[in-house]
Amino acid sequence: MAAHRILILGGTTEARQLAGLLAGDPRYDATLSLAGRTAEPKALPLPVRSGGFGGADGLADYLTRENIDLLVDATHPFAVRISANAAEAAARAGTPLFALRRPGWEERAGDHWTRVPDLEAAVDALGVIPRRVFLAIGRQEAHVFNRTPHHAYLVRSVDPVDPPLTVPDAQYILSIGPFDEADERALLTDKNIDVVVTKNSGGEATYAKIAAARALGIEVVMVERRHPADVPAVATAEEALDRIAHLLSPAIKRGV
């Protein structure tokens with residue numbers, strides 16, 4: 001019986017965890033696809049392909065050409081375009097699809113969140129009075145904040161912001177989580193941060209900045225998620241493994 005071919009999209013923690021659960025299981029022939037945007041991705045236990053597919057058309061062609069039995073969207077919760085392409089491609093190719101996506105953070109007592117739908121709205125939410133802003137949104141969209149140069153920015157990302165922001169006051173930190181709450185408090189205090197801008201990515205690795213902001217009474221401008229409609233989702237790698245077994249078990253029982 002041939003192993004079932006699975007394509008996992010994404011370099012998230014959950015994608016890596018699922019890769020670890022699938023590695024070595026003779027029932028599955030899984031490949032992890034990375035966007036190729038991180039300079040030095042972590043070692044992974046599954047075969048890896050890197051780079052885009054050429055939109056939904058290219059991904060649909062790949063699913064058909066490679067006889068993919070199941071597509072798992074384990075991309076970052078804010079990889080909106082990739083997730084939309086995955087949904088469209090899966091529908092075209094007739095390939096089952098589900099998402100592996102950690103739950104978003106929930107506002108707690110003591111939090112001071114300003115919820116916004118996107119980064120453009122986050123820029124507007126900063127206001128006209130100069131503030132010291134901690135940008136914890138990654139590097140790819142940091143340039144949106146060039147249009148409000150009256151603020152001072154501290155930008156943290158895994159890889160460098162290239163080119164740098166054009167604003168007159170910007171500092172950069174290269175770092176990767178998980179982060180410690182005490183360290184995050186020290187960072188926010190030492191840099192005199194007035195407001196944190198972040199995406200509601202969920203998970204524990206980067207939550208410390210939210211807890212630190214709460215403890216210090218600092219506002220958080222929270223960019224909320226948008227997901228393609230009608231794509232079922234699970235929250236953990238273990239749940240994803242169960243769903244894979246459920247979706248593919250009929251074929252396994254038939255000996256296909």
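The values are calculated or read from the model by the stated rules, or taken from the named source; none is laboratory data. Only a predicted model underlies this, so the values are computations on that prediction, with no experimental measurement involved. Neighbour counts run over all protein chains shown; Cβ positions are idealised from the backbone, glycine included.
The listed residues are ARG92, ARG115, ARG147, ARG101, and the only one of them that is buried (at least 16 other Cβ atoms within 10 Å of the Cβ) and of a type in the set (Lys, Arg) turns out to be ARG101. For region 193-213, the criterion of a residue being more than 20 Å from the chain's Cα centre (by Cα), surrounded by 15 or more Cβ atoms within 10 Å (Cβ to Cβ) and over 30 Å from GLU14 (Cα atoms) is satisfied by at least one position. For region 142-195, a tally of residues being in a loop (DSSP other than H, G, I, E, B) and more than 15 Å from LEU126 (Cβ to Cβ) returns 17. For region 19-129, which helices (runs of 4 or more DSSP H) that fit wholly inside it have 2 or more residues that are in contact with a Pro (Cβ under 8 Å, 6 or more places away or on another chain) and either within 27 Å of HIS143 (Cβ to Cβ) or not hydroxyl-bearing (Ser, Thr, Tyr) (or both)? Qualifying helices (runs of 4 or more DSSP H): 80-93. In the condition set (1) crowded, with 17+ Cβ neighbours inside 10 Å; (2) among the charged types (D, E, K, R); (3) within 16 Å of VAL155 (Cα to Cα), ASP190 is compliant with all but (1).
Which residue, of PRO228, PRO250, is modelled with pLDDT under 95 and surrounded by fewer than 15 Cβ atoms within 10 Å (Cβ to Cβ)?
PRO250
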